[in-house]
Amino acid sequence: MRHWALFLLLAIGCNIWQIEAEFFTSIGQMTDLIYVEKDLVKSLKEYIKAEESKLTEIKSWAEKMDQLTHISTSDPEGYLGHPVNAYKLMKRLNTDWLKLENLVLQQTSDAFIANLSIQRENFPTDEDESGAAKALMRLQDTYRLDSESISKGKLPGAQHAAFLTVEDCFELGKIAYNDGDYYHTVLWMQQTLRQLEEGEPSVVTQAEALDYLSYSVYQMGDMHRAIELTKRLIAVDPTHLRAKSNLHYFKKLLLEEGQSDQRMDEEFYQSQSKKEVDMRPDNYISERDSYEALCRGEGIKMTTRRQSRLFCRYHNNNNHPRLIIAPIKEEDEWDSPHIVRYHEMLSDAEIEKIKEIAKPMLARATVRNSVTGILETANYRISKSAWLADDEDPVVNRVNKRIADITGLEMETAELLQVANYGVGGQYEPHFDFSRKEEPDAFRELGTGNRLATLLNYMSDVPAGGATVFPDFGAAIYPKKGTSVFWYNLFKSGEGDYRTRHAACPVLVGSKWVSNKWIHERGQEFKRPCGLTEVD
């Protein structure tokens, strides 16, 4: 706008000099200059008005972001623990700040643009924004949350208020649509329409939402409803050519199937237009259903009889010298397979030190390919992890020694302490910690045998979600900061205990920090002697 105005001033200025050269001797001819000057004043006012309007918009944005960052920086992990806040942070830095940059670029604010351009190198990408959106949808599925509850930020344990605008809901639907996920497209386009109907102002139109919704419903096989939604779209936007083409196509398909397009009565039409779709994507399997049920606290098989076999005790590991004076508090979490929890395993100071060391080293967590044995990232494990050696810090060495004292197992052949952080929707779907017979090369390069046991340290409380669940026998163990849970992955015979297949449930609200120690077979020959039968 400024460049255009300056060009206009220069161009008209040149004409002025031409006019003066030609008309300075004639008042009558000079009267034209009055109108030229009037046009100059008019264009100058328009330029000032445009500049003021943009500055007002930028000032409003700055004030809004100032309030937001004041809240977010007061408790970063707590703030990002709310999945809606995490998604909106991805969206703001990937999309909204770019819009602001374009706005400011029009006003040539060099210092700000230079700084913003440099900072943008560290901003989230489209992939990051898409990943946060998919995480939000994963939480929606696992914890059976309706779109409206998520949009209004009504999540259990949430400490910070958060809500989704019409634009946010629409973008979520578009991300699902572009991923071929019509199930979530329908849910979020319906929420977009719901908020528009409630009168929320937005640049998104009903026609845009109905366009995505009608076609997604068709893709999910509900032809009658697709026709009704397409008719609604045409009623909202009679010029929508694709909608008219789709309507013709849908009707043709119905006729080919020997069905007719009978217009629904108004009451039924209204109920259909607001109906939530309950269909799940085709890739859902029965184990995922049981795993997600346990994450929600459903299907836990802790009977009264089983509870009667669980006890708490002070554990000194057969009078270990370092545990005689200060035994550890041990609590049975499950009887068979035996899972125990150790209380006050890590102090707050130790936890903070481990997190401080691990944070700069965090990278996307990997899994071992069961066929190739190669470590790789996977969609079913969403977290970042770091590996800490004994000599990394005295705290790491002290924690490893404590694990050895309490378990009575050799740490020389154990893997490094792995620290993991699960953010928005962070999870690790059902898996085995040990390598099975079809994975003979899984730990060959370590030369320490199979993973005998797992000790998992919880380094944060999680307000909602984030449980460790065992689908095979229906157990759910919840994070408690400073505690550790321990179980054996192998029987004494060396055979894998397939009951120990477990999962880390998606974090609904909060930031989940854990560290785990995978203890291997070698060096344990006299510490855990072999059993006589396969399942000893």
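Points worth noting:
- Some residue of region 411-422 being among the acidic types (D, E), open to solvent by 30 Å² or more (accessible area, probe 1.4 Å) and modelled with pLDDT of 95 or more: yes
- If you check L103, L80, L68, L93 for being surrounded by 12 or more Cβ atoms within 10 Å (Cβ to Cβ), under 33 Å from the mean Cα position of the chain (by Cα), modelled with pLDDT of 90 or more and aliphatic (A, V, I, L, M), only one passes: L68.
- Subset tally (residues that are of a type in the set (V, I, T) and open to solvent by 60 Å² or more (accessible area, probe 1.4 Å)) for region 388-409: 0
- Those residues of region 75-109 which are out of contact with any strand residue (DSSP E or B) (no Cβ under 8 Å at 6 or more places or on another chain) and small (G, A, S), in sequence order: G78, A86, S109
- Subset of region 509-536 [under 15 Å from S383 (Cβ atoms) and either among the aromatic types (F, W, Y) or modelled with pLDDT under 95 (or both)]: G510, S511, K512, W513
- Scanning region 369-380 turns up one or more residues that are under 23 Å from A476 (Cα atoms) and either modelled with pLDDT of 95 or more or open to solvent by less than 100 Å² (accessible area, probe 1.4 Å) (or both).
- Here V203, V217 are screened, and the one residue that is over 24 Å from G510 (Cβ atoms), open to solvent by less than 40 Å² (accessible area, probe 1.4 Å) and not hydroxyl-bearing (S, T, Y) is V217.
- Taking residues in region 494-518 that are under 20 Å from E350 (Cβ atoms), and partners anywhere that are in a helix (DSSP H, G or I), the pairs with Cβ atoms closer than 6 Å and at least 6 places apart or on different chains are S511/E77; K517/I403.
- For region 130-168, the set of residues classified as closer than 18 Å to E292 by Cβ, hydroxyl-bearing (S, T, Y) and touching a helix residue (DSSP H, G or I) at 6+ places or on another chain (Cβ under 6 Å) consists of T142, S147, listed by residue number.
For (1) open to solvent by 20 Å² or more (accessible area, probe 1.4 Å); (2) closer than 21 Å to V507 by Cα, each residue gets a yes or a no:
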site	(1), (2)
K134	yes, yes
Q140	no, yes
I150	no, yes
A162	no, yes
V166	no, no
L172	no, yes
A176	no, yes
G180	yes, no
T185	no, no
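- Residues that are among the hydrophobic types (A, V, I, L, M, F, W, C) and modelled with pLDDT under 95 within region 474-502 are absent altogether.
- Residue, farthest from S214 (Cα to Cα), within region 233-245, restricted to residues that are open to solvent by 30 Å² or more (accessible area, probe 1.4 Å) and either of a type in the set (V, I, T) or part of a helix (DSSP H, G or I) (or both): T239
The values are calculated or read from the model by the stated rules, or taken from the named source; none is laboratory data. Just so it is clear, the model here is predicted, and its values are computed rather than measured. Neighbour counts are summed over all protein chains in view; Cβ atoms, including those assigned to glycine, are modelled from backbone coordinates with ideal geometry. These area figures cover heavy atoms from the full protein model, side chains too; ligands, DNA and RNA do not enter into them. Shrake-Rupley method; radii C 1.70, N 1.55, O 1.52, S 1.80 Å.
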